[in-house]
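First comes the structure, then the notes that go with it.
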Amino acid sequence: MSNPEDPKATTPHILKEELLAEGKWVKLEQTTYMDPAGNTRTWETVKRTTRRTNTEADGVGIIALLKRTLHKDCVVMVKQFRPPLGCNTLEFPAGLIDEGETAEAAALRELKEETGYKGEVVGVTPVTCLDPGLSNCTTQIILVNINGDDVENIHPTQQLEFVEVILLPLDEFQSKIDDLLRKEKIIVDSKVYIFAMGMVQAFFKPRELPVLKQ
């Protein structure tokens, strides 16, 4: 690790980016950059070709909470086949931001298309990275509440084929995911499982008395 007070230390920066290959949705570049020690290095970087102008985020992920009278709050999930993995995945609804679209508008549109539910945005994260060692892909996570008692949300109609909607109780989120993993071959999106672990901490850990080490 470089010492920021070292007079020889340099601020890392990009020197050039060269296109190696490009497809319809993604491209591969060789990135030449200066490291903190002043050495010139190269990196292979994957980028989307679809990032819109005037936005730093490629897309959105949606944490959608379905709230219904006399029911537990549920997280709306999607299960779908992902060719790069060769199997089904369990994910939050998600999608790319269209030209001229805000992250909030993209989230509500994607939620409607993938699950049929109509919701209300109640929270938005800053732009966050997804896999910074591989790609410059970024996202914003949008928290959406769904009124499950609304007529439109009682029998929601999906607009996309091959996407299965799964409702998981918020207070049993991790255990229900673990049950699913035991029953079938499926890979869980890392954001989903991190959220599940956070829910366990939020629901159960505050109720436990701390054990102090002597």
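Glu208 meets each of the listed conditions (1) open to solvent by 70 Å² or more (accessible area, probe 1.4 Å); (2) at pLDDT 90 or above; (3) over 13 Å from Ile63 (Cα atoms); (4) out of contact with any strand residue (DSSP E or B) (no Cβ under 9 Å at 6 or more places or on another chain) apart from (2).
Search region 60-71 for residues being assigned to a loop (DSSP other than H, G, I, E, B) and either in contact (Cβ under 8 Å) with a residue 60 or more places away in the chain or open to solvent by less than 20 Å² (accessible area, probe 1.4 Å) (or both), and hand back the single one that is nearest to Glu120 (Cα to Cα). Here the answer is Arg68. For region 76-85, the condition holds for no residue, the condition being that it is assigned to a helix (DSSP H, G or I) and touching a residue at least 12 places away in the same chain (Cβ under 8 Å). Checking the stated criteria, Leu85 turns out not to satisfy the condition of being open to solvent by 60 Å² or more (accessible area, probe 1.4 Å), modelled with pLDDT of 95 or more, over 30 Å from Leu170 (Cβ atoms) and not basic (Lys, Arg).
Just a yes or no: is a residue in region 38-59 outside any loop (DSSP other than H, G, I, E, B) and under 24 Å from Ile186 (Cβ atoms)? There is at least one residue in region 38-59 that is outside any loop (DSSP other than H, G, I, E, B) and under 24 Å from Ile186 (Cβ atoms). Scanning region 34-56 turns up no residue that is modelled with pLDDT of 95 or more, under 13 Å from the mean Cα position of the chain (by Cα) and open to solvent by less than 50 Å² (accessible area, probe 1.4 Å).
The values are calculated or read from the model by the stated rules, or taken from the named source; none is laboratory data. Being a predicted model, the structure only gives us computed values, none of them experimental. In this analysis, Cβ positions are derived from the backbone assuming ideal geometry, glycine residues included, and neighbour counts consider all displayed protein chains. Quick note on the areas: whole protein, heavy atoms, side chains included, nothing else; ligands and nucleic acids left out. Shrake-Rupley method; radii C 1.70, N 1.55, O 1.52, S 1.80 Å.
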